[in-house]
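Asks: This is the structure I have questions about; it appears just below.
The values are calculated or read from the model by the stated rules, or taken from the named source; none is laboratory data. If you're wondering where the values come from, they're calculated on a predicted model, not measured in any experiment. Neighbour counts are summed over all protein chains in view; Cβ atoms, including those assigned to glycine, are modelled from backbone coordinates with ideal geometry. Side chains are part of the model used for accessible areas, which takes the heavy atoms of the whole protein and leaves out ligands, DNA and RNA. Shrake-Rupley method; radii C 1.70, N 1.55, O 1.52, S 1.80 Å.
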Amino acid sequence: TSAVSSAAAAVGPAGPAAADAIVPAMTFAAVRADVGEMPFADDSIAAVHCSAGAHCWPDAAKGFGEVARVLRRRGVFVMSTVILAGPIRKKYAENGTAADAGEYDATGMRKMNTPFWDAASVVGMLEGAGLVEVQVVAEDKCFVMLTARKP
């Protein structure tokens, strides 16, 4: 069990104070930067988190590549984002708009601030960026949460 897992398990009836006792205070700096050109050295970050934001990136593939670049060996990426609901994907396929993620992306429909086609398309982008052990942790309607590691 990692310290983070232990801390997460401790939060609940015991409250956040229990987590503070398990995970020591850490110093960090908040940095405002473009995900497509992060101002960090290669292999320098232990973990990256993106909460419901990757679909808002101007170039998601480039952003995932930057995440992979800055992560240390075995570093962790945790993200959530939005995907098209199943009925919308079905409608697009039936009316000839787009049959799959490739067509959806190729038509230009998938752009900044637009949901990804489905969870599998996000998995493919993460793997395409060189991340491994990509897992869909949760999926509910239009929401998907994933984890991945740098080899």
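Asks: When you go through (1) modelled with pLDDT of 95 or more; (2) over 24 Å from K141 (Cβ atoms) one by one for G63, which number turns out not to apply?
Replies: So G63 meets the others, but not (2).
Asks: Of the conditions (1) at pLDDT below 95; (2) assigned to a strand (DSSP E or B); (3) open to solvent by 40 Å² or more (accessible area, probe 1.4 Å), R74 clears all except one; give me its number.
Replies: (1)
Asks: When you check R89 against the structure, is it in contact with an Asp or Glu (Cβ under 8 Å, 6 or more places away or on another chain) and either under 17 Å from M38 (Cβ atoms) or outside any strand (DSSP E or B) (or both), yes or no?
Replies: yes
Asks: Can you name the residue in region 40-63 that is under 11 Å from the mean Cα position of the chain (by Cα) and under 16 Å from W117 (Cα atoms) and, of all such residues, is surrounded by the most Cβ atoms within 10 Å (Cβ to Cβ)?
Replies: This residue is A60.
Asks: Could you list, in sequence order, all residues of region 102-151 that are among the hydrophobic types (A, V, I, L, M, F, W, C), free of Cβ contacts under 8 Å to residues at least 60 places away in the same chain and part of a loop (DSSP other than H, G, I, E, B)?
Replies: Across region 102-151, the qualifying residues are M109, M112, W117.
Asks: Is there any pair with a first residue in region 27-46 that is part of a helix (DSSP H, G or I) and a second that is among the charged types (D, E, K, R) whose Cβ atoms are under 8 Å apart and which are 6 or more apart or on different chains, and what are they?
Replies: Pairs found: V35/K62; V35/E66; G36/D59; G36/K62; G36/E66; E37/E66.
Asks: Restricting the first residue to region 67-79 and requiring it to be under 15 Å from E127 (Cβ atoms), which pairs with a second residue that is among the small types (G, A, S) and open to solvent by 10 Å² or more (accessible area, probe 1.4 Å) meet a Cβ separation below 7 Å and a spacing of at least six or different chains?
Replies: From region 67-79, the pairs are V67/A129; A68/A129; A68/G130.
Asks: Still on this structure, I have one more. Suppose the filter is within 14 Å of A52 (Cβ to Cβ) and surrounded by fewer than 19 Cβ atoms within 10 Å (Cβ to Cβ); does F116 pass it?
Replies: On the way: within 14 Å of A52 (Cβ to Cβ): yes; surrounded by fewer than 19 Cβ atoms within 10 Å (Cβ to Cβ): no.
Taking the combined requirement at face value, the residue does not satisfy it.
Asks: Oh, and also: Could you check, for region 29-39, whether at least one of its residues is within 11 Å of the chain's Cα centre (by Cα), farther than 21 Å from A120 by Cβ and surrounded by 15 or more Cβ atoms within 10 Å (Cβ to Cβ)?
Replies: Looking for residues that are within 11 Å of the chain's Cα centre (by Cα), farther than 21 Å from A120 by Cβ and surrounded by 15 or more Cβ atoms within 10 Å (Cβ to Cβ), one finds none in region 29-39, hence no.
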